[in-house]
Amino acid sequence: MVSYRKRGKVWQYEISYKDQFGKYKKLRKSGFEHKSDAVLAASQMQLEYPNLSSAKSNEESLVNYYHRWINVFKKNNVTPITFNKYENTGKHIYEIFGNLKLKEITKLRYQEGLNYFARNHAKRTVSCFHKQVRACLLEALDERIILSDPTRKAVITGVERPKTNKVLSYENWSKLISNLNPRRIDDTIIYVAAVTGMRYGEIVGLTTDDIDFNNRYINVTKTWDYKYKTGFMRTKTKSSIRKIAIDRNTVTYLNTFIQSNSPKQHMPIFMYKRQHVMVSAEINKALTYKLDDLNIPRITFHGLRHTHASILLYKGVSILSVSRRLGHSNITTTQSTYLHIIRELQSQDQNKIVSILNMATK
């Protein structure tokens, strides 16, 4: 129901409605010079917000709405680590937009916020931030709390990080693994990554029970939360659960490490006695020092995984076998990641095919 009244020299409209809990609420707005102006504005409000509770909702700040949204839609549907990332996005929202109300967010204001965030973050990080905020605002759009999408056609930029080599050559890979100390935790982590292609979380999640010395394989069934320190976690995907064959040298190396460090049963073998597992920044730093000492071009720790896969492909191992060894969810992931190598190998195969045909037709 709508009513109108004159307050001094201006007109006001008042709309009565029920909120989502069935309680009666009133929406008022004044400042209209003529009653006809108030009537027109009230009609427009009812047209734009059939559910008038949403008209009040757009007074809520973006950061408050975002936190309510992640608690309702994400908290019980994603892993604790993923939810922590959503919470970090909430902190960035407050840093960028403060208590900006939903109704105040325009495309220009949103783009200004993205540009501000991009000044000190990589493009990939900015893209992830945008993706999460956009999903939240699209929910507000569905509820008609906002009437348009301020994130539409947003431009994603970011800081260009210094480029590093992604993989080691076979010679440098061999040189690296030949100069690692099986009694050191950091060296052994690097060694396992180089000879298995395992992800970092999978490596630091290994326990003594996961290594079958007799049959020579590593059983990957879990990971370790080295970032937020919540303990063992499930693997990235179901296909990440796998057995990775290892050679006799690796068996000897790991046996020496375990005998030297005596890790506790059912606990990560790469956990220090002070109950600390190295975070990614620490292992990357250790790898950089080792590569510098050996005069080998720098790569990231994740680059050891790419190096392992690249070497196997160049040595003629099928892409299906490489995909399963890496724990990819499907072979398409492997193909897209190592497309440049596959194309190079295809070129070599063409030469082999021509050579075979030349020999057959002589």
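For K25, the lysines whose Cα falls under 17 Å of its own Cα, not counting residues fewer than eight places away in the same chain, are K56. Would you be so kind as to identify which of A286, P182, F32 lies farthest towards the positive end of the dipole of the chain, taking Lys and Arg as +1 and Asp and Glu as -1 on Cβ and the Cα centre as origin? So the residue we want is F32. Phi-derived couplings, Karplus 6.51 cos²θ - 1.76 cosθ + 1.60 at θ = phi - 60°, listed residue by residue for the stretch 337-352: 5, 10, 4, 5, 6, 4, 5, 5, 5, 5, 4, 5, 5, 4, 5, 5 Hz, with x used for Gly and Pro.
In the P(r) worked out for the chain, what percent of Cα pairs fall beyond 31 Å? The proportion of pairs with Cα distances above 31 Å equals 55 percent. Counting only DSSP beta bridges with both residues in the chain, the antiparallel share comes to about 90 percent. The modelled label-to-label distance between N64 and N330, using points 7 Å beyond Cα along the C-beta direction, is 4.4 nm. Run the numbers on the stretch 62-142 and let me know its relative contact order in percent, using alpha-carbon pairs under 8 Å that are six or more apart. Relative contact order here is 37 percent. Can you tell me the 0 to 90 degree angle between the C-alpha axis of helix 62-73 and the longest principal axis of the chain, rounded to 10? That helix lies at roughly 60 degrees to the long axis.
Label F83 and N71 with points 7 Å out from Cα along Cα→Cβ: what is the distance between them in nm? Spacing of the two 7 Å Cα→Cβ label points: 1.2 nm.
Computed 3J(HN,Hα) for the stretch 177-182, one whole-Hz value per residue from the Karplus formula 6.51 cos²θ - 1.76 cosθ + 1.60 where θ = phi - 60°, is 5, 7, 10, 10, 9, x, glycine and proline marked x.
Bear in mind that the values in this text are calculations on the coordinates, not laboratory data. In this text the structure is predicted, and so the values were computed from the model without any measurement. Glycine also receives a Cβ, built like all others from the backbone with ideal geometry; neighbour counts cover every protein chain displayed.
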